[in-house]
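Some notes on the structure that comes next.
The values are calculated or read from the model by the stated rules, or taken from the named source; none is laboratory data. Being a predicted model, the structure only gives us computed values, none of them experimental. No Cβ is skipped: glycine too gets one built from the backbone with ideal geometry, and neighbour counts run over all protein chains shown. Just so you know, the surface numbers come from the protein's heavy atoms only, side chains and all, with ligands and any DNA or RNA stripped out. Shrake-Rupley method; radii C 1.70, N 1.55, O 1.52, S 1.80 Å.
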Amino acid sequence: MQICGVICEYNPFHRGHALHLARARALSGADYVICVMSGSVTQRGVFARHDKWTRARMALENGADLVIELPVRFSGAPAEEFASGGVRLLSSIGVATHLSFGCEAQALPLLSAAKALLSDESPEFKEALRRGLDQGFPYPRARALAAQQVFGEENFSERISLPNASLAIEYLRALPQHITPVPVVREGSGYHDGNLTELSSATAIRAALDRGDLPQALAAVPSPQLLKQAQLRGDYHEEEALTKVLLYRLRTMTAGELAQIAGIEEGLEHRFLAAAKTARTRDALILAVKSKRYTYARLSRICTNILLNVTKDDARANPAPSYARVLGFRRDAQPLLRAIKKNASIPLVTKAADYDRSDPLFALDVRAQDLWSLGCASADLQSSGRDFTTGPVIL
């Protein structure tokens, strides 16, 4: 049985995602496609706009056979940990034979070389990396520049720093030998492209939703009815929804407490505490802290770690997923579920109420969903405990 995994966010699921799933299945010859999808928190460090069950249903309607939740510990982490967590989860369920991921066309020929450079850091690479960090570059940029210096090709750093390429390289670094990589060239709009097209980015679709342009957003997704229903009933979470909660946390924390939060280094706690005194929005807070050395995405992830109280000790103590939470599946994928139950090295969770609530990764996922609900646009959906009242999507 050939099983192709895809590590994803689907925030929201769009036509480019459907195209990728179709090509992943075809190129891998897969009998089943498993999506390991971010739950409540995305890799940009913000809460997903739509809940994880809505997004799982969109995936199942458009090419996925099974959707498993990527725990927040990894879904809201830097690229290396995001990729490592997703790959280790796929490996732990014991059935995956392939992993498919998108990549920009200009970066695709460089993936193997970049993986080798970043996996086996030579003395020359380490010295170039140190110089970049000393010049104040953020770590991802300094690392890409060091790789370019060693590789010696013009524009190498820019090409391997493209959003999908960065993750693709981390997937390759994390993959065990028994899982075959299946790269697929990304088509349509770029990751950050805000223009709506036939193959729009998730960024463009979210922007259309933010400005109230529902018809254009619906035209860009393959499951428009699901998206429309979620919007009309207020089952969505906007990025500024928990700003006051975040500012409350910061205004009541000491520098010592904040220094223990995952991602806080080099005195960043003092910059956050100072910015929180006057900031009125999440975006303004991040921009006040941002500098050449600290990217917006990194600071955004720290903000979510503050909200969820994810500490450095928490991150160190939980380097790998401890369970596989099923968000949804197609009925004809029952043989796949049986194979996972037989081969997995971690529990397969189909009913959250039956799982061990003392598992710190599970407790964090529940906490994240409760905060997502608190920031939901509909007051009727702001109650906590949705993890225990919402079962897997079954199609």
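Across segment 207-226, the qualifying residues are those that are without any contact (Cβ under 8 Å) to a residue 24 or more places away in the chain and open to solvent by less than 10 Å² (accessible area, probe 1.4 Å), and the one among them that is farthest from I261 (Cα to Cα) is A217.
Residue-level check: of (1) exposed (fewer than 15 other Cβ atoms within 10 Å of the Cβ); (2) closer than 28 Å to R298 by Cα, Q229 misses just (2). Among the residues of segment 257-287, those identified as touching a strand residue (DSSP E or B) at 6+ places or on another chain (Cβ under 7 Å) and either polar (S, T, N, Q) or not in a loop (DSSP other than H, G, I, E, B) (or both) are Q260, I261. In contact (Cβ under 8 Å) with a residue 24 or more places away in the chain, assigned to a helix (DSSP H, G or I), crowded, with 21+ Cβ neighbours inside 10 Å and hydrophobic (A, V, I, L, M, F, W, C): does that describe L21? Criteria met by L21.
Scanning segment 243-251 turns up at least one residue that is of a type outside the set (G, A, S), open to solvent by 70 Å² or more (accessible area, probe 1.4 Å) and in contact with a Leu (Cβ under 9 Å, 6 or more places away or on another chain). Taken over segment 212-250, the criterion of being more than 17 Å from A56 (Cα to Cα) and outside any helix (DSSP H, G or I) is satisfied by G212, D213, A220, R233, G234, E238, E239, E240, A241, L242.
Meeting the requirement of 3 or more residues that are modelled with pLDDT of 95 or more, open to solvent by 10 Å² or more (accessible area, probe 1.4 Å) and within 30 Å of M253 (Cβ to Cβ), the helices (runs of 4 or more DSSP H) wholly within segment 288-371 are 296-308, 312-317.
Counting residues that are touching a residue at least 60 places away in the same chain (Cβ under 8 Å) and open to solvent by less than 60 Å² (accessible area, probe 1.4 Å), which helices (runs of 4 or more DSSP H) fully inside segment 93-204 reach at least 1?
Hits in segment 93-204: 111-119, 163-174.
A Cβ distance below 6 Å, combined with a sequence gap of six or more or placement on separate chains, defines the contacts here; from segment 283-305, residues that are more than 17 Å from P78 (Cβ to Cβ) reach no residue that is buried (at least 22 other Cβ atoms within 10 Å of the Cβ) and among the basic types (K, R).
The number of residues in segment 31-77 being open to solvent by 10 Å² or more (accessible area, probe 1.4 Å) and part of a strand (DSSP E or B) comes to 2.
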